[in-house]
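Report on one structure; see the data block that follows.
The values are calculated or read from the model by the stated rules, or taken from the named source; none is laboratory data. Worth saying up front: this structure is predicted, and the values here are computed from it rather than measured. FYI the Cβ positions are ideal-geometry reconstructions off the backbone, even for glycines, and counts take in every protein chain you see. Areas reflect the complete protein model, heavy atoms only, side chains present, ligands, DNA and RNA absent. Shrake-Rupley method; radii C 1.70, N 1.55, O 1.52, S 1.80 Å.
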Amino acid sequence: MQGGDLQRLRRLNSLGGIRALRSAPQPLTLTELAALTGLSRGSMGDVVGDLRERGWVAEVEPAPGVMGRPARRYRFRADAGHVLGLDIGVHKILATVADLDGRAVASGRTSAGTGTTKDARLAAVTRAVEAALLAAGLTYADIWAVAAGTVGVVDREGTITQVESLPDWAGVDLIGYLCADFSCPVLLENDSKLAALAEQRLGVASGVRDLVYLHAGRRPGAALVINGRLHHGSTGATGEVGLLDVTGWRTMGEHLEQCPVAGDAPARDAAALVFAAARRGDPRALAAVERYAHDLAIGTAAMVLTLDPELVVLGGGFSRSADVLLGPLRRALEPHCLRVPDIRTSALGEDCVVLGAACLALDHLDERFFSPDGEIGAPIAPRR
């Protein structure tokens, strides 16, 4: 066997060991690892020894009270590094630190609003990041990758090209702003796309190959997952069906905000009041919800007819009222779709986007370290 072939074989064996440990619900012995990877126990011992030296694998202490000499057990060191996910919305900024298995370690949150200027919003991003890092006991240098989800259309180069809800946000150099503090890779994506990614990895769409994600809220949005992968299109503008006036997505929130049962409540509170009244059977509220669902169904049907997805996921703030919204949405879809797919409500809540951002950052690291063409070196040493 040639030197290059031998080196690639060792890398593939190491990848097999890491994948087995990462997917196992508990630490594994060498015998168990050998069975899962198809390697001999001796070869697996060499692989684990090498991965321990590099810092990717740790031996687990035997449980107290175990008699005799227990078999050594090993785990993947998910705590060897961390990523940061960001959700930069109109009304809030969330930052979450996650380990290499995607488990949230700590979070930070700041508030914003439609009147928050670009510079003030960027400052709020910094405060949320610093709160998350402080809670995690980490520094900027300890983060291996950052991914941010933002309102607006994000092109394939990571530029925010259009934001109707925040007039001064389009064109902001968010990647450059974050790179001023982080020396690691920084990724940028549309928030609805990251929510779809989170649902497909961690939520109600786990394992689903083709799905439509709907962000139902005061600011609607949508995203597509095709064949298990987030779909961007040639420019990154997939899912922006709401830009078509015929869908009514730009104005459908007014059906709820202008409903008489909302009274003089601020627009941000009107929908909750209307959904609550619909839940009680108020005919005016039920009619408003039906009108909202009708408009939501127009854009949704366009995507359903194009993709023929297995599942539609209803997310966003209005998904909390799915008990009164799902029925009207299904009925509104029926005249437009050859087959109305299963519709499920997001279980990830307001953390959906920030968790999707963490997933995107981890995907970047997996490609760097744990793909067949990656380099499984030692974990990145933090700069102190």
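In the chain, Cα pairs under 8 Å separated by at least six residues give a relative contact order of 17 percent. Estimated at the nearest 10 Å², the accessible area of HIS91 is 100 Å² with a 1.4 Å probe. Per-residue accessible area (protein heavy atoms, 1.4 Å probe) orders CYS184, CYS179 as CYS179, CYS184, starting from the largest.
When Rg and Dmax of the Cα atoms in Å is computed from the coordinates, the matching label among (i) 21.9, 70; (ii) 21.3, 79; (iii) 23.7, 78 is (iii). Counting only alpha carbon atoms, the long axis of helix 41-54 and the longest principal axis of the chain meet at about 70°. Heavy-atom accessible surface of the chain, averaged per residue, reaches 47 Å², computed with a 1.4 Å probe.
Is it possible to state the helix-based mean residue ellipticity at 222 nm for the chain, with each DSSP H run of 4+ residues giving -39500 (n - 2.57), the sum divided by total residues, to the nearest 500 deg cm²/dmol? What is it?
Numbers: 11 runs with 152 residues, N = 384.
Helix contribution divided over all residues of the chain: -12500 deg cm²/dmol.
Summarising the strand pairing of the chain, around 60 percent of its internal DSSP beta bridges are antiparallel. Within the listed set ALA71, ALA20, ALA141, the residue fluctuating most in the Gaussian network model of the chain (springs between alpha-carbon atoms under 10 angstrom) is ALA71.
Of the whole protein surface, GLU254 contributes about 80 Å² of accessible area at a 1.4 Å probe radius. On a 0 to 90° scale, report how tilted helix 191-202 is relative to the longest principal axis of the chain, with both axes built from alpha carbons and the result rounded to the nearest 10. Computed tilt is about 50 degrees. The solvent-accessible area of SER23, taken with every protein chain present and a 1.4 Å probe, is close to 90 Å².
The angle separating the long axis of helix 3-23 from the principal Cα axis of greatest extent in the chain is about 60 degrees. Rg/Rh, computed from the Cα trace of region 18-148 with Rh as the Kirkwood radius, has the value 1.17. If R0 is taken as 35 Å, the Cβ-Cβ distance between ARG331 and LYS92 corresponds to a FRET efficiency of 0.60. Using a cutoff of 8 angstrom between alpha carbon atoms and counting only pairs six or more residues apart, the relative contact order for region 188-314 works out to 28 percent.
What is region 275-370's relative contact order, in percent, from Cα pairs under 8 angstrom and six or more apart in sequence?
Details: 75 pairs, mean separation 29.3, N = 96.
After rounding, I find 30 percent.
Derived scalar couplings between HN and Hα for region 171-187 equal x, 5, 8, 5, 4, x, 4, 6, 5, 5, 9, 9, 9, 8, x, 10, 10 Hz in order, rounded to whole Hz, by the Karplus curve 6.51 cos²θ - 1.76 cosθ + 1.60 (θ = phi - 60°), x for Gly and Pro.
What length, rounded to one decimal in nm, is gained on full extension from GLU59 through to SER234, with 0.36 nm per residue of separation minus their alpha-carbon distance? Kindly include the intermediate steps, with their values, before the conclusion.
Working: separation 175, 0.36 × 175 = 63.00 nm, distance 4.59 nm.
Going from the current span to full extension adds 58.4 nm.
Each residue, ASP168 and ARG339, gets one label point 7 Å from its Cα in the Cβ direction; the gap between the two is 5.0 nm.
Quick one: go through region 338-375 and flag any residue whose amide nitrogen is under 14 Å from the point 7 Å out along the Cα-to-Cβ line of ARG22. Within reach of a label on ARG22, which here means backbone N under 14 Å from a point 7 Å along Cα→Cβ, region 338-375 contributes 359-375.
Counting only protein heavy atoms, what percent of the accessible surface of the chain is carbon or sulfur at a 1.4 Å probe?
On the way: 9090 of 17960 Å².
About 51 percent, which is the carbon plus sulfur part of the accessible surface.
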